[in-house]
Structure formats: structure tokens, C-alpha cells
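Trainee: First the structure, then my questions, so here it is.
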Amino acid sequence: MADSAIPYDVVIIGGGPGGYNAAIRAGQLGLKAACVEKRVTLGGVCLNVGCIPSKALLHASEMFELASKDFAGLGIDVTPKLNLPQMMKQKAESVTALTKGIEFLFKKNKADWIKGTGKLAGPGKVEVTAEDGAVTTLEARNIVIATGSEPSTLPGVTVDQKRIVDSTGALELADVPKSLIVIGAGIIGLELGSVWRRLGAQVTVVEFLDRITPGMDAETAKTFQRSLTKQGMVFKLGSKVTGAKAGDAGVELTVEPVAGGPAETLKADYVLLAIGRRPVTEGLGLESVGITADKHGFIETDHWKTSAPGVWAIGDVTHGPMLAHKAEDEAVACIETIAGQAGHVNYGIIPSVVYTFPEVAWVGKTEEELKDEGRAYKAGKFPFSANSRAKVNHEAEGFVKVLADAVTDEILGVHMIGPHVGEMIAEYCVAMEFRAASEDVARTSHPHPTLSEALRQAAMGVEGWTMQA
Ligand code: FAD
Ligand code: NAI
């Protein structure tokens with residue numbers, strides 16, 4: 001525990017991707033920094049119960065499904081048997097290795113980890129309550145709030161982490177459910193729904209809207225839904241859940257059409273509630289420095305500054321996409337600004353990835369956004385069915401779509417669905433950061449035969465000279 005008499009340059013509340021990157025960057029810039037985190041490990045939601053464990057299960061379950069269904073076609077005859085405890089163990093080992101890695105980086109960069117629950121206690125003061133109840137007050141020239149987010153709740157559907165789970169519970173099921181109902185066709189629902197479907201569950205997704213994944217380019221979302229349906233996921237769109245009854249044997253859900261009509265009862269072994277996340281600001285002492293969270297609980301900021309002098313906020317607790325890399329980018333920019341440098345985040349170029357199969361990845365504007373803005377654009381599109389590497393890998397579903405300004409040819413948005421697009425989207429992020437024209441990508445040599453050729457072909461399609469088949 002740090003000496004409470006030492007004033008810090010920066011005290012950060014929360015040790016997730018926002019908080020831990022802020023602490024490490026502060027250490028690198030020679031600022032005396034402490035990060036207050038109440039979990040037993042650093043890394044926040046992302047490393048402990050979010051990005052990392054979900055991707056560990058997505059990878060393992062994809063391997064299981066490939067071995068079960070696709071290996072035979074490649075001439076590999078195997079009969080895979082699921083070992084769920086081992087799948088969970090390897091997931092836990094990855095999480096531990098990565099959270100320990102953050103602890104190591106704290107030591108390397110001389111940032112203190114103060115274990116406990118932090119609370120603002122007036123200008124320049126953070127009160128920390130340790131697990132044993134001991135209270136320490138840290139003094140800081142700057143305070144960064146990085147308390148993140150938690151699952152949103154739904155009246156009538158009580159999460160008990162036994163039969164009705166949130167994302168954290170869905171990462172820890174002890175058995176493969178025969179049936180799973182997911183409430184919310186967003187990223188969590190479709191990623192974790194995919195995990196359990198691949199392992200053998202019958203998955204039904206109940207979504208309020210008449211489409212899946214709001215925010216995703218509509219054409220891409222339609223293709224995505226078709227693909228997940230082909231895999232066996234069942235969608236009930238335009239439906240609202242009005243109640244849930246959990247018992248020892250399973251859950252009964254009452255579902256009504258949003259447009260009106262008779263209610264129906266759906267039964268399943270488990271229900272996953274995944275209808276979004278809300279910022280964590282309760283009990284944080286915001287009033288002690290004169291900050292009021294907005295009606296959704298978010299802290300308003302201007303270049304990571306809150307309305308209170310010397311108090312900053314980053315990551316999921318602020319507006320914008322609730323993504324780990326957004327929190328990380330803000331952490332670096334915020335600390336650099338505190339250190340007197342020119343912190344910068346390009347909010348127009350924060351990519352999104354859904355780590356299902358096929359993957360979905362996008363950056364920049366959707367077609368719907370460009371139409372709403374009345375901006376003239378050209379589109380180039382290339383299907384993976386015409387890409388040689390995708391064909392030989394038997395992964396030829398999906399497409400790449402490039403949207404470019406009709407006059408300047410500057411790339412405005414890119415939308416991909418297909419194999420490994422989550423890795424490939426970064427090529428377009430770099431291009432867009434340099435404000436490239438689609439022709440710049442179209443005339444850049446790409447290795448053959450690779451999936452990345454589809455990225456180039458889509459750019460060539462903007463001027464109508466796509467040629468690969
Ligand atoms: P968090 O990671 O939420 O960290 C905040 C930390 O603050 C927590 O550890 C919390 O314990 C601590 N804290 C809160 N209040 C206090 C307090 N008063 N005192 C001390 N400590 C406190 N994003 C991606 O980009 N890619 C993905 O693949 C991805 N997958 C996800 C999968 C799931 C299942 C979930 C739930 C989320 C996923 N996300 C993903 C989102 C990502 O996890 C978040 O955007 C990211 O963690 C936000 O970082 P943060 O630092 O703002 O907050
Ligand atoms: P989400 O916002 O992505 O999707 C929630 C879905 O639930 C929406 O489709 C919404 O219309 C629907 N919904 C809302 N209320 C409903 C109701 N009452 N009944 C039925 N449907 C309802 O939220 P989700 O999936 O919970 O994820 C939260 C956030 O976590 C994401 O927005 C994302 O920022 C982050 N995340 C990112 C991942 C990634 O980058 N791969 C993976 C997982 C999470």
C-alpha cells in the first residue's frame with residue numbers, strides 16, 4: 001500500500017484497458033501514478049470476463065466444430081469428443097497469464113496498484129477502501145475515472161447466474177445446455193450464442209428490433225443473419241421479453257411481438273441476458289467534485305476532461321463505442337494531455353469486430369450513415385467466393401465492401417464479413433488514418449494467394465475494374 005502522504009501526479013480509478021493503459025503510459029512519461037482496482041486481478045472486464053475469455057471460448061469452440069464437421073472433407077477422419085472442463089481450464093490459464101502480464105507492466109513502469117474500491121473525496125482526493133475495510137486517502141494532481149461498464153438489466157428478468165446468466169455467467173456454464181435463449185442480438189449475444197451452439201446447444205435469439213446488430217451496415221447485417229441462421233441459430237426479431245421464471249430445470253420466458261399480438265412462452269435450459277451495458281458511476285463520489293453523470297450514467301467529457309478541474313474520464317464510462325481499443329486509445333491520449341503533450345484520438349476510425357464465424361469487421365461510415373448525411377459515395381464490393389485462398393480453404397462466404405467519396409475518392413467506410421476479416425480490417429484503418437483514396441489500396445500490391453486480395457479487389461471495384469475470379 002502506498003504512503004498516503006505522497007501526492008501522485010495521477011490516480012486512476014479502475015484497472016481495465018482504460019485504467020491500466022493510463023497507468024502504464026503515465027509511468028513511461030515519468031509521472032507518478034497509482035491505479036485503484038477492486039478486483040483481485042488487473043485487466044478489468046476485458047481481460048477477466050470480456051474480450052479475452054470470450055475469444056478463448058470462441059477459438060476453442062470453432063476448432064471443435066471444424067473437427068466435428070469440416071475435417072472429414074479435408075481428408076482428416078477424426079471423432080472429436082468435447083472436454084468442457086479442459087476448454088474452461090485453458091481459457092482460465094490465458095486470462096491468468098494476461099492479467100499477470102499487466103501486473104508485470106505496472107512494476108516495470110513504476111505504477112502502483114492500490115487494491116480496493118476508490119471514491120472521489122473532493123478535489124485532488126481519492127478515498128480507497130480495502131477488502132478488510134481499511135480506508136486510505138490518496139492525494140493526486142489529476143484523477144482519471146476509468147470505472148468501465150456492467151451489464152444492463154431488464155425488469156422481470158432477474159440474473160441469478162444459475163439459469164438466467166449475463167455474459168460473465170455464460171462464460172462459465174458447467175455443462176453444454178440443450179437449449180439456450182439469448183435476449184439481445186448484439187455482439188455479446190451472437191458471440192456467446194455461437195460458442196454454445198457450436199458445442200451443441202439449440203440457440204434462439206430474441207431481439208427487440210426488426211434486425212440484428214444495430215449499428216452494423218444493414219447489408220452486412222442481413223448477410224450475417226443469413227449465415228448464422230444457416231448454422232442453426234434461430235432468430236425471433238421484433239420481440240420483447242416481458243417476464244422470466246427460473247426453476248431447477250430451466251427457464252420459462254414470456255415473449256410478445258413488439259408490434260402487438262399474443263404473448264408466447266418459450267422454454268430453455270438457460271437464458272443469456274445481453275441487451276447492452278451501462279456505465280459504472282454509482283457510489284463514485286462524483287458529487288464531491290461537482291460532476292453529474294448524464295441520464296444514462298455516462299460522464300460527459302471534452303478531450304477526456306470532465307467538468308471538474310483535474311478530473312478526467314476515459315473508456316466505457318464515457319460516451320462512444322464500448323470497446324477495449326477505444327478505452328486504450330483514450331488512456332494514452334488523456335495521459336499525454338496531462339503530461340503537456342498533444343493527445344489525440346481519431347474517433348472516426350475506431351474499428352469494430354464480431355469474432356463469430358464468419359467474422360464481421362468494419363470501420364468508418366455505413367451506407368445508411370452516408371445516405372443520411374446526403375454524401376455522394378461510390379461503392380466497390382468483392383465476394384470471398386471469387387477469392388482463390390478463401391476457395392481453397394473452403395471459407396468462401398461473405399464479402400468486402402469499400403465506400404469512397406464520389407469526388408475525392410477518399411475511403412469513408414469499409415464493411416467486411418468473411419474469414420479472418422477481424423485481422424484484415426487494420427489495413428483499412430491505416431489507409432484511412434493516412435486519408436487514402438480507394439485507388440491507393442487498389443494500386444498497392446497484395447500477396448497472392450491471400451484473403452487480403454479481396455480487400456484490394458473491393459477497392460478496385462470502386463472504379464469498376466475488379467478482375468480476380
Ligand atoms: P472495464 O474493463 O470495465 O474496467 C473497469 C474496471 O474498474 C473494472 O475492473 C472494475 O472492477 C473497476 N472499478 C469500477 N469501479 C471501481 C471503483 N470504484 N474502485 C476500484 N475499481 C473500480 N471489447 C473489444 O474491444 N473487443 C472484444 O472482443 C470485446 N469483447 C467483450 C466480451 C464481453 C463478454 C464483454 C462483456 C465485453 C467485451 N468487450 C470487448 C468490451 C470491453 O471489455 C470494454 O470495452 C472494456 O473492458 C472497457 O474498458 P474500461 O477500462 O473502460 O472498463
Ligand atoms: P449491444 O448493444 O451490442 O446489443 C444489444 C442488443 O440487445 C441490441 O440488438 C438491442 O436492440 C437489443 N435489446 C435491447 N433491449 C432489448 C430487450 N429488452 N429485448 C430484446 N432485445 C433488446 O450489447 P451487448 O451485446 O450486450 O454488448 C455490449 C457491448 O459490449 C457492445 O456494444 C460492445 O461495445 C461490447 N462488446 C464488444 C465485443 C467485440 O468487440 N467483439 C464483444 C462483446 C461485447
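Trainee: Assess whether A331 counts as being over 22 Å from E139 (Cα atoms), of a type in the set (G, A, S) and either modelled with pLDDT of 95 or more or in contact with a Ser or Thr (Cβ under 7 Å, 6 or more places away or on another chain) (or both). Steps first, please.
Mentor: On the way: over 22 Å from E139 (Cα atoms): no; of a type in the set (G, A, S): yes; either modelled with pLDDT of 95 or more or in contact with a Ser or Thr (Cβ under 7 Å, 6 or more places away or on another chain) (or both): yes.
Against the criterion (over 22 Å from E139 (Cα atoms), of a type in the set (G, A, S) and either modelled with pLDDT of 95 or more or in contact with a Ser or Thr (Cβ under 7 Å, 6 or more places away or on another chain) (or both)), A331 does not qualify.
Trainee: I'm trying to understand the selection: among the residues of the range 346-358, which are buried (at least 19 other Cβ atoms within 10 Å of the Cβ), under 15 Å from H325 (Cα atoms) and out of contact with any Leu (no Cβ under 8 Å at 6 or more places or on another chain)?
Mentor: P351, V353
Trainee: Could I ask something else about it? Would you confirm whether or not the range 16-29 contains a residue that is among the aliphatic types (A, V, I, L, M) and either open to solvent by 10 Å² or more (accessible area, probe 1.4 Å) or away from ligand 1 (no atom under 16 Å from the Cβ) (or both)?
Mentor: Here is the first cut: in the range 16-29, the residues among the aliphatic types (A, V, I, L, M) are 22-24, 26, 29.
Going one step further and asking which of them are either open to solvent by 10 Å² or more (accessible area, probe 1.4 Å) or away from ligand 1 (no atom under 16 Å from the Cβ) (or both), we end up with 24, 29.
Yes; the residues of the range 16-29 include at least one that is among the aliphatic types (A, V, I, L, M) and either open to solvent by 10 Å² or more (accessible area, probe 1.4 Å) or away from ligand 1 (no atom under 16 Å from the Cβ) (or both).
Trainee: Which of the residues belonging to the range 307-331 are part of a loop (DSSP other than H, G, I, E, B), open to solvent by 10 Å² or more (accessible area, probe 1.4 Å), under 24 Å from V353 (Cβ atoms) and in contact (Cβ under 8 Å) with a residue 24 or more places away in the chain?
Mentor: Narrowing the range 307-331 to residues part of a loop (DSSP other than H, G, I, E, B): 307-310, 314, 318-323.
Narrowing the set further to residues that are open to solvent by 10 Å² or more (accessible area, probe 1.4 Å) leaves 307, 309-310, 319-323.
Narrowing further to those that are under 24 Å from V353 (Cβ atoms): 319-323.
Of everything in the range 307-331, those that are part of a loop (DSSP other than H, G, I, E, B), open to solvent by 10 Å² or more (accessible area, probe 1.4 Å), under 24 Å from V353 (Cβ atoms) and in contact (Cβ under 8 Å) with a residue 24 or more places away in the chain turn out to be G320, P321, M322, L323.
Trainee: Starting from residues that are assigned to a loop (DSSP other than H, G, I, E, B) and surrounded by fewer than 23 Cβ atoms within 10 Å (Cβ to Cβ), keep the ones in the range 202-211 and report whichever is farthest from ligand 2 (Cβ to nearest atom).
Mentor: Applying the first criterion (assigned to a loop (DSSP other than H, G, I, E, B)) to the range 202-211 yields 207-211.
Narrowing further to those that are surrounded by fewer than 23 Cβ atoms within 10 Å (Cβ to Cβ): 208-211.
Numbers: F208: 4, L209: 5, D210: 10, R211: 8 Å.
This residue is D210.
Trainee: For the list (1) in contact (Cβ under 8 Å) with a residue 40 or more places away in the chain; (2) assigned to a helix (DSSP H, G or I); (3) not aromatic (F, W, Y), I need the number of the one condition that K107 fails.
Mentor: The number of the failed condition is (1).
Trainee: Only residues in the range 128-151 that are within 15 Å of P279 (Cα to Cα) and touching a residue at least 40 places away in the same chain (Cβ under 8 Å) count as the first member; pair them with residues that are part of a loop (DSSP other than H, G, I, E, B) and among the charged types (D, E, K, R), Cβ under 8 angstrom, at least 6 apart or cross-chain, and list the lot.
Mentor: Close Cβ pairs (under 8 Å, with a partner that is part of a loop (DSSP other than H, G, I, E, B) and among the charged types (D, E, K, R)) amount to P151/D166.
Trainee: Continuing with this model, one more query. Would you kindly identify the strands (runs of 3 or more DSSP E) lying entirely within the range 230-306 that contain at least 3 residues that are buried (at least 18 other Cβ atoms within 10 Å of the Cβ), of a type in the set (A, V, I, L, M) and in contact (Cβ under 8 Å) with a residue 60 or more places away in the chain?
Mentor: Working: elements: 234-236, 239-246, 251-257, 264-268, 270-273, 277-279.
In the range 230-306, 239-246, 270-273 are the strands (runs of 3 or more DSSP E) which contain 3 or more residues that are buried (at least 18 other Cβ atoms within 10 Å of the Cβ), of a type in the set (A, V, I, L, M) and in contact (Cβ under 8 Å) with a residue 60 or more places away in the chain.
Trainee: From A72, A97, A92, A67, grab the single residue that is open to solvent by less than 80 Å² (accessible area, probe 1.4 Å) and within 17 Å of W196 (Cα to Cα). Let's see the steps before the verdict.
Mentor: Working: A72 fails: within 17 Å of W196 (Cα to Cα); A97 fails: within 17 Å of W196 (Cα to Cα); A92 fails: within 17 Å of W196 (Cα to Cα).
One residue alone meets the criteria, A67.
The values are calculated or read from the model by the stated rules, or taken from the named source; none is laboratory data. Computed from a predicted structure; not experimentally measured. As a convention, Cβ positions derive from the backbone with ideal geometry for all residues, glycine included, and neighbour counts pool all protein chains shown. Note: accessible area is taken over every heavy atom of the protein model, side chains too, but ligands, DNA and RNA are not part of it. Shrake-Rupley method; radii C 1.70, N 1.55, O 1.52, S 1.80 Å.
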